[in-house]
1. Taking +1 at the Cβ of each Lys and Arg and -1 at the Cβ of each Asp and Glu, which of Val117, Phe224, Gln40 sits farthest along the dipole of the chain towards its positive end, judged by Cα position relative to the Cα centre?
2. Which value in nm describes the separation of the simple spin-label points at Asp281 and Arg150, placed 7 Å from the Cα toward the beta carbon?
3. What value does the range 73-136 have for Rg/Rh, both radii from Cα atoms and Rh as Kirkwood defines it?
4. What's the ranking of 255-267, 34-46 by average number of surrounding C-beta atoms within 10 Å, highest first?
5. How big is the antiparallel share of DSSP beta bridges in the chain, given as a percent to the nearest 5?
6. Please compute the length gained on full extension between Lys288 and Lys337, using 0.36 nm multiplied by the number of residues separating them and subtracting their Cα-Cα distance.
7. Between His55 and Asn226, what FRET efficiency comes out of the Förster formula 1/(1 + (r/R0)^6) with R0 = 41 Å and r the beta carbon distance, rounded to 0.05?
8. Name the residue from Gln334, Pro108, Ser163 whose Cα lies farthest towards the positive end of the charge dipole of the chain, charges +1 on Cβ of Lys and Arg and -1 on Cβ of Asp and Glu.
Amino acid sequence: MRIGFNPSKNKEVAEHDFFHQVIIPVYIPNFEGYFKDSFQIFKYSIESLFKTSHHQTYFTIINNGSCREVTDYLDQLYKEAKIQELMHTTAIGKLNAILKGVTGHNFPLVTITDADVLFLNNWQQSTYDVFETFPKAGVVSTTPNSKMVRYLTSGILFDNLFSKQLFFTDVKNPKALSAFAHSIGKPDLFNVEHLKKILTLSKGEQKAVVGAGHFVATYKGSVFDNWTTRFSVHSLGGKSINNLLDKPIAEKGYWRLSTQDNFTYHMGNVPEDWMISELNDLVVCNQKVNLPNLVNHKENYISAYVKVKLFSKVIFNKFVWKWFIAGKGLTKVQAEKY
């Protein structure tokens, strides 16, 4: 039986000042083996995120089956209103956790990050600068990676094939590149040429690196419109990230770009002294930031097919690629090694 009228019925959701959502899936099931120091790393990540993010940032954490100590910590963050949204689940997998974080919201900007990322000051503003300067940007990473230059970037290369603004320039922060390689346990990931030169797109004084990874990346909210994926069978890995987050961006005609300098570090699962040093150097962000001017883009099916499917087969052909990058600022010797 129901008596009376629900006062919430037909009411619109209350407005708020948030325009940038940060989603963090967390999976720390225990403190053994691989996860021995993961909780400490996660705390470093949260501290850096809180210090460097502006007040219009909406924090969403999905507890993906973590142990009791981590769960209690997250509950405390929520009680103290340091985060706006907290979901506790069983171990449903990273991709399904991300789906839960995005669903039910309509933010203009959405950052999806791993739980082992250390954020630096100006990571948001630097991201906004790229979105505003390059309207076709669909995702922006704050950790530039020279080896991402061929990952779903055929659309950018097609659109700027003969542009003098697409050119190899000096790597802004080679130490950060080396630090990323170290953090994933692959110190030889980048050869000497990857640490020297990187493909950038320029417009006036602003530069952006071509390509973006996804351990931390900010997405234009519109790229999630008309999502058809509801569930991923992979807890981690497989082609889920590619199918869920990456391919749809390229197929909609958006570009994958990164900031020219490094504004986020991947920490891995072992605490190191440099992390404390970076945390201590951070300045608390107290400024009010305006929503950047974001332009939505629509690509027709034929155009997307030509750029993503056909042109990628041509431009990334071994011989064509070497010829192309040699024409974009690399020497023949560098092109051979790149």
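Just so it is clear, none of the values below were taken in a lab; they were calculated from the coordinates. Given the structure is predicted, the values throughout are model-derived calculations rather than measurements. Here the Cβ is made from the backbone with ideal geometry for all residues, glycine too, and neighbour counts use every protein chain on show.
1. Of the candidates, Phe224 comes out farthest on the positive side.
2. It works out to 3.4 nm between the two label points.
3. Rounded to two decimals, Rg over Rh is 1.01.
4. Working: 255-267: 24.8, 34-46: 18.6.
Most protected by this proxy first, the peptides run 255-267, 34-46.
5. Working: 23 of 43 bridges.
Beta bridges within the chain, antiparallel portion: roughly 55 percent.
6. On the way: separation 49, 0.36 × 49 = 17.64 nm, distance 4.52 nm.
Here the answer is 13.1 nm.
7. Values: r = 31 Å, r/R0 = 0.75.
E between Asn226 and His55, to the nearest 0.05, is 0.85.
8. Ser163
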